[in-house]
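Remarks on the structure that follows.
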Amino acid sequence: APKILFDCDTGIDDAMMLLYLAAEVRAGSAELVGVGTVHGNVDSATGAANTLRVLELAGLDGVPVAVGAGRPMAQDVHFAVDWHGSNGLADLDLPEPQGAPTGESAPAQLVRLARAHPGELTIVATGPLTNLGAALLLDTELPSLVREVVVMGGAFDHPGNITTHAEANIWHDPEAADLVFAADWPVVLVPLDATHPTAVEADWLARLAAHDAPVARFASQIMEWYADAYTPTLKRRGAVVHDALAAMLALDPGLGEYVERAVRVELRGELTRGTTVWDARSLPASDARRPVRVAVGSDVDAFRERLLAAVLSF
Ligand code: BDR
Ligand code: CA
């Protein structure tokens, strides 16, 4: 089973991703070796508490959770309370987690686990990329030690979701994201172009709401709140579970369609800072940046059914 290290900003869709992965771990098709948290939807300590809550609910206690970067590399920190609630989980009144973060920092944990499992670690990053950028600065050999990095982030032909062109995870730390795309490791990027068509809709939400088990009830409560936030954007009842698509493509890449393109992050544009830019020319690349595999589509029905089945498996 692939060894997964998550880096996230839990967050409603991060929580759904954790539930999906917990089901895969129980089924023996993935191993979760650790989780790091980062500023983004909420502050990184709240993200860690939320991660512990979700893992405990799913019966996955014992996975090390490390708090990571509290702010971006070169700008002020911003949180996303409108999309996820002020506590990151739909303002639900949740019990304190039983477990606690390990005390190691997330970038240090990432480096340590990459060194402990050379060539084996798949990093799935579903928040701003500050921890990955910091880990690249800590250990310059890191790219050669990691099997693959799967990132939820960016927008190419799809509009942005935080500014006209920028997607939130990249916009929250553009410098860190550019470090990740510049490094010599295999990156799979799952942008809004791929995630938006997978939005779950009213029928999916109703099927989830029909179940009474604690995990299903929790998932239904956060997803109904998330759908309230998403409906004006989608113009129909639904919600985009971005982060779960990244995790699913990490475990089953065959569900996606991809193009291979060098990716850069706009760091200076007055209107476009934090935008991902790909080189779609058929000319030879003008620089030596390693191409990223960018997901541009996926098997939408398979995504929706597998996510629901995972949540209902508890
Ligand atoms: C991304 O931003 C966050 O709010 C979500 O959790 C997801 O990772 C989508 O742009
Ligand atoms: Ca996220």
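The values are calculated or read from the model by the stated rules, or taken from the named source; none is laboratory data. None of these values were measured; they are calculated from a predicted model. Quick reminder, even Gly has a Cβ in these numbers, built from the backbone with ideal geometry, and neighbours come from all protein chains shown.
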Problem set entry | Selection count, region 33-69, where residues are of a type outside the set (A, V, I, L, M) and within 16 Å of ligand 2 (Cβ to nearest atom) | 13
Problem set entry | Residues that are in contact (Cβ under 8 Å) with a residue 60 or more places away in the chain and more than 23 Å from Asn41 (Cα to Cα), drawn from region 83-113 | Leu113
Seminar exercise, completed: Residue pairs qualifying under the 8 Å Cβ cut-off, at least six apart or on distinct chains, with the first in region 225-244 being within 22 Å of Gly40 (Cβ to Cβ) and the second being part of a strand (DSSP E or B) and within 14 Å of ligand 2 (Cβ to nearest atom), are Tyr226/Ala239; Ala227/Ala239; Ala229/Ala239; Tyr230/Ala239; His242/Met152; His242/Val190; Asp243/Cys8; Asp243/Met152
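Being at pLDDT 95 or above and touching a Cys at 6+ places or on another chain (Cβ under 9 Å) narrows it down to one residue among Asp228, Asp252, Asp243, Asp299; which is it?
On the way: Asp228 fails: touching a Cys at 6+ places or on another chain (Cβ under 9 Å); Asp252 fails: touching a Cys at 6+ places or on another chain (Cβ under 9 Å); Asp299 fails: touching a Cys at 6+ places or on another chain (Cβ under 9 Å).
Just a single option satisfies the conditions, and that option is Asp243.
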For this session: Determine the pairs where a residue that is touching a residue at least 24 places away in the same chain (Cβ under 8 Å) and more than 12 Å from Val294 (Cβ to Cβ), located within region 154-166, has a partner that is near ligand 1 (Cβ under 9 Å from one of its atoms) and not in a loop (DSSP other than H, G, I, E, B) with Cβ atoms under 7 Å apart, the partner being 6 or more residues away or on another chain.
Result: Asn161/Ala168; Asn161/Leu192; Ile162/Ala168; Ile162/Trp171; Thr163/Trp171
For this session: Of the conditions (1) touching a strand residue (DSSP E or B) at 6+ places or on another chain (Cβ under 6 Å); (2) of a type outside the set (A, V, I, L, M, F, W, C); (3) not in a strand (DSSP E or B), Gly297 clears all except one; give me its number.
Result: (3)
Exercise. Can we say Leu245 is in a strand (DSSP E or B) and within 16 Å of ligand 1 (Cβ to nearest atom)?
Worked result: no
Exercise. Looking only at region 1-55, which residues are within 12 Å of ligand 1 (Cβ to nearest atom) and over 22 Å from Gly70 (Cβ atoms)?
Worked result: Met16
